[in-house]
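The values are calculated or read from the model by the stated rules, or taken from the named source; none is laboratory data. Every value quoted in this text rests on a predicted model; they were computed, and no experiment measured them. Cβ coordinates were reconstructed from backbone atoms using ideal geometry, including for glycine residues, and neighbour counts include every protein chain displayed.
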Amino acid sequence: MENLIFEKGEVRKFEYSVRTSPSTDTLVVTSATWKLLGCKGEVISSGVCDISGTNISMLVSLQKTGTFTLEVTAIVPPETIIDRTLLRVVE
């Protein structure tokens, strides 16, 4: 899990390139969502990702200070891919 540091008030664009196991012939991302989770697992904000082929992106507004987890879930039938990134927001 990565640990990234940002300033309070930033709106950041996060981008991911989706890959699956080698046995998958055609890669189709059917949906992708994101959640910003607080230190106790509570959802601070969430949304739907933009999908362009095998790339997904989202804009996340970082309005509070603290440590958060950005959880991105991509559905690539028959797989569900989940990536978590640790974010630290400072003044």
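Things worth noting here:
- Per-region count, the range 35-91, residues closer than 18 Å to Ser17 by Cβ, touching a strand residue (DSSP E or B) at 6+ places or on another chain (Cβ under 8 Å) and of a type in the set (Gly, Ala, Ser): 2
- Where Arg19 falls short, out of the listed (1) in a loop (DSSP other than H, G, I, E, B); (2) at pLDDT 95 or above: (2)
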